[in-house]
Amino acid sequence: MPLVTSTEMFKKVYGKCAVGAFNVNNMEIIQGIVDAAKEEQAPLILQVSAGARKYAKHIYLMKLVEAAVEDSGLSICLHLDHGEDFEICKSCVDGGFTSVMIDGSKLPFAENIALTKKVVEYAHAKGVTVEAELGRLAGVEDDVKVSAADSSYTDPDQAVEFVQKTGCDSLAIAIGTSHGAYKFKGEAKLDFARLGKIASLLPGYPLVLHGASTVLPEFVAKCNQYGGEIKGAQGVPEEMLRKAGTMGVCKINIDTDLRLAMTATIREHFANNPADFDPRQYLKPARGAIKSMVKHKIRNVLNCSNQL
Ligand SMILES: O=C(CO)COP(=O)(O)O
Ligand SMILES: O=C[C@H](O)COP(=O)(O)O
Ligand SMILES: [Zn+2]
Ligand SMILES: [Zn+2]
């Protein structure tokens with residue numbers, strides 16, 4: 001079973017539920033996620049950011065994901081998260097990824113279209129799908145910090161024009177989510193009316209939600225209980241993600257919840273086992289925590305169990 005694109009996954013789930021797109025940086029993270037998806041028989045997207053590629057190297061992540069496909073028998077889509085220019089997208093297309101994101105969201109509209117179109121032409125010629133982004137999320141993306149004032153929600157009419165002119169296969173939209181662990185100051189709010197409008201103007205077209213971690217309170221509490229200092233963290237409530245999955249959002253991006261699950265578990269392990277120094281002693285429970293967290297998401301939030 002080779003790596004697959006996201007096309008069939010999105011067709012299958014459209015309007016019913018969403019596929020989880022999980023950020024991966026090392027073997028334990030990949031194994032935890034893949035074990036969960038296998039037990040749930042769920043479609044799966046593993047995504048690699050530019051930072052992850054720098055940290056672990058393209059070839060290591062690529063081979064680990066190929067190994068996961070072979071070992072699990074699952075269909076997995078390997079996706080570049082937030083490609084910022086043509087070159088990184090080309091390098092991932094040439095290097096065996098089955099999907100890439102070109103994130104031209106900080107560019108003026110016409111330039112975002114031109115860049116996205118160029119990536120679409122290159123990727124489609126090689127059978128690779130392309131996600132693009134229109135509108136700006138607040139929060140932290142790699143080293144780029146977007147303030148709430150500089151963020152702007154996706155304009156529905158522009159979204160239609162953008163998709164028509166670029167031919168991109170899916171579109172990440174800004175409706176109030178943001179990257180990282182600090183998404184809302186007061187009450188969590190997403191602009192569902194805007195999402196509904198975009199989905200009605202682009203019927204059947206896959207939309208993507210970035211910054212969609214719930215920032216699970218149990219992991220934040222555990223980090224803090226065992227020496228962490230994560231104050232005021234807040235994510236997207238699970239019921240909002242469930243709702244988005246029925247409204248045309250086909251891909252829900254999750255990174256922060258993986259980071260928190262892993263860190264909370266390792267902090268707890270060291271607090272309770274201060275003499276341990278074999279990495280397997282703390283990476284094994286960390287991998288297990290990722291697995292059960294991802295199973296919970298697939299089953300109860302993404303609702304995409306048994307959607308292969
Ligand atoms: O959107 C993301 C990756 O592209 C991750 O979002 P979170 O920070 O909410 O996990
Ligand atoms: O959108 C950002 C993802 O959470 C990836 O984060 P990173 O760029 O630090 O790897
Ligand atoms: Zn972006
Ligand atoms: Zn993102």
Inspect all residues belonging to segment 14-21 and state whether any of them is on the phi < 0 side of the Ramachandran plot, open to solvent by 30 Å² or more (accessible area, probe 1.4 Å) and within 18 Å of the chain's Cα centre (by Cα). yes
Among (1) open to solvent by less than 40 Å² (accessible area, probe 1.4 Å); (2) more than 16 Å from ligand 3 (Cβ to nearest atom); (3) touching a Lys or Arg at 6+ places or on another chain (Cβ under 9 Å), where does residue 184 come up short? (3)
So, in segment 296-308, of the ones that are in a helix (DSSP H, G or I) and open to solvent by 50 Å² or more (accessible area, probe 1.4 Å), which residue ends up nearest to residue 30 (Cα to Cα)? 296
Being farther than 30 Å from residue 131 by Cα, among the polar types (S, T, N, Q) and either assigned to a helix (DSSP H, G or I) or within 16 Å of ligand 3 (Cβ to nearest atom) (or both) is the filter here; which residues of segment 247-285 pass it? 265, 272, 281
Is it the case that some residue within segment 174-191 is on the phi > 0 side of the Ramachandran plot, in a loop (DSSP other than H, G, I, E, B) and in contact (Cβ under 8 Å) with a residue 40 or more places away in the chain? yes
I'm checking my understanding of the structure. Among residues of segment 239-263 that are away from ligand 1 (no atom under 13 Å from the Cβ) and charged (D, E, K, R), which one is surrounded by the fewest Cβ atoms within 10 Å (Cβ to Cβ)? 239
So, first residue aromatic (Phe, Trp, Tyr) and outside any strand (DSSP E or B) in segment 88-106, second residue more than 14 Å from ligand 2 (Cβ to nearest atom) and open to solvent by less than 30 Å² (accessible area, probe 1.4 Å), Cβ within less than 7 Å, six or more apart or across chains; the pairs are 97/78; 97/128
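The values are calculated or read from the model by the stated rules, or taken from the named source; none is laboratory data. Computed from a predicted structure; not experimentally measured. Note: ideal-geometry Cβ built from the backbone for every residue, glycine included; neighbour counts use all protein chains shown. These accessible areas exclude ligands, DNA and RNA; they are computed on the full protein's heavy atoms, side chains included. Shrake-Rupley method; radii C 1.70, N 1.55, O 1.52, S 1.80 Å.
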